[in-house]
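What follows is a short report on a single structure.
Any read-out appearing in this document is the output of simple, stated calculations on the displayed coordinates, not a laboratory observation. Keep in mind that what you see is a predicted model, and the values were worked out from it rather than measured. All Cβ positions, even for glycine, are placed from backbone atoms using ideal geometry, and neighbour counts span all protein chains on display.
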Amino acid sequence: MKRIARDELWPGMYVIGFRKRDGEDAVTVDRPLLSREEIAETVPEGVTVFVDEEFELSEWITTHIGLEVERERRELEEAKLALETQHAELEHERNRFRQEVADWHEHAMERAASGAKAREEGNAKRVEEMARMRKEMAAARKSRQEARSHKQAGVVEEPPQTPIEEEFPRADKLYSDAVSYARGFIDDVREGKPFDYRDSMPTVDGFIDSVFRNESAAAAICKLKMYDEYTYTHSINVSVLAVILGKRLGLDRDQLRLLGMAGVFHDVGKALIPDEILNKPGKLSDTEMEIMRTHPAEGYKILKGQKAVPDVVLRAALEHHERYDGRGYPRGIKGEKIHLMSRIISVVDVYDALTSKRVYKDPLPPSKVLGMMYQWRLSDFQPNIVEHFIKSLGVYPVGSFVRLSSGEHGVVTVLNSSMPLKPVVKVVYNNRMQPVTRYSVNLANLPSEEGALAIEDIVNPDEHGVEVASLLQ
Ligand SMILES: [Fe+2]
């Protein structure tokens, strides 16, 4: 260590510290001062400076700068590594994003392709359908021309459906006989007498023939001939309506006969339910309801006790209160486990019950009931069966008394299955309910423009003292 005056201090000397003149304040510096500015800032005027005389600036610079360089190199290395890592992450992220975009694009292309394919198929189907319709219309035109020429040549033309006016009186007679038959066997059951299910065959066959001649006549009779004896009429109504629905579903005559008989006997168990429960004007108590709910099993037992009753008829009695979703009774079975015939019977059973007058309720209009059943088709019934039933009865069933948009009133006589809102209406009264010269209008043949003649509402004929049955004959 060497002691020197401040003025002797040169840049590059290693300053250990300094002392003021009075000798009191020794200050430690312990580093080389590298410029005059640094000396001026660090060492006050007039002090004695202690320096390391053996200090080699070049060596210090080499070592110090070397270390600095090394540190900077390391820092740069670390920064580089960090940047590389960041870059790799960014690259990864970018690739992932690119992949996502590519996937999305591919998916979108696939969807577009499948949509285009579906549209193409749809268009092809529509074209096919239109070609088929054109073909059918051409065939119908041809057969009409042929029929006309046959007629001119004296060949008798076979009408596709017997007119309602012709079939209605026949169906009316069949219906009265059928109700008498139902009264007979139900009374026998009540008295514990045996009966032969085969006795129902003429009745059922009669209705099948009637339905093949005209699908609407027997159905119209069921709703227009309101007897007070629901127990008897209900079994016949269910039989008739089941035959109509079964025909629509493509059943053959033998199957329709079984179905018709299943309809006749489906509620036979009710013969054992006390009258005060069957015809109670108010709501049934829990106990009464429990008794009422025994009728399917009781019916099954009654039929099983008769001679050789077909299985289908037995099952319809047992299963007609089962529901397609399993919420029915007595067994809570569902879907296809319920026999097809029982599924058909359950649809028409509900329709007839709701459209019939009972001591505890007024009848609901058929169009309203069909609407309700359409709502229930996904829970209570097999959906397509309800839809076929609605198609076979029509939105405005034959026999509906309606008001047209002209104010005139009439009765629906012929359904139009392709345009269910536009049947044939026989106009009978004007807008003030005064009789007019009767004429029929096929609403489907009118131009479908705004203000065209259409059905405006269903009217209750009883409120106007109109007997619809007489208008159908
Ligand atoms: Fe029942």
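Assorted remarks:
- Convex hull volume of the Cα atoms of the stretch 2-55, normalised per residue: 63 Å³.
- Inter-label distance, TYR374 to LYS193: 4.6 nm, where each label sits 7 Å from its Cα along the C-beta direction.
- Listed by chain and number, the aspartates and glutamates placed with their C-alpha closer than 15 angstrom to that of LYS391 are GLU215; residues fewer than eight positions away on the same chain are left out.
- In this structure, the amide hydrogen of VAL436, modeled 1.01 Å from its nitrogen in the peptide plane, lies closer than 5 angstrom to those of TYR429, ASN430, counting only residues at least 5 positions away or on a different chain.
- Residues of the stretch 265-281 with amide N under 18 Å of the 7 Å Cα→Cβ point at THR287: 273-281
- Förster-model FRET efficiency, 60 Å R0, LYS125 and THR294, C-beta, rounded to 0.05: 0.70
- Qualifying trypsin sites (Lys or Arg not before Pro) in the stretch 1-42, DSSP loop, other Cβ atoms within 10 Å at most 16: LYS20, ARG21
- In this simple spin-label model, placing a label point 7 Å from the Cα along the Cα-to-Cβ direction at both GLU91 and LYS173 gives a separation of 9.9 nm.
- Using the rule -39500 (n - 2.57) for each DSSP H run of four or more residues, divided by the residues of the chain, the 222 nm mean residue ellipticity is -18000 deg cm²/dmol.
- Those trypsin sites (Lys or Arg not before Pro) in the stretch 385-473 that DSSP places in a loop and that have at most 11 other beta carbons within 10 Å: ARG432
- Under Karplus coefficients 6.51, -1.76 and 1.60, residue-wise ³J(HN,Hα) of the stretch 453-465 in Hz, glycine/proline x: 4, 8, 6, 9, 6, 8, 10, 7, x, 4, 5, 10, x
- Whichever lysines have a C-alpha closer than 16 Å to that of LYS301, once near sequence neighbours (fewer than 8 apart) are set aside: LYS193, LYS270
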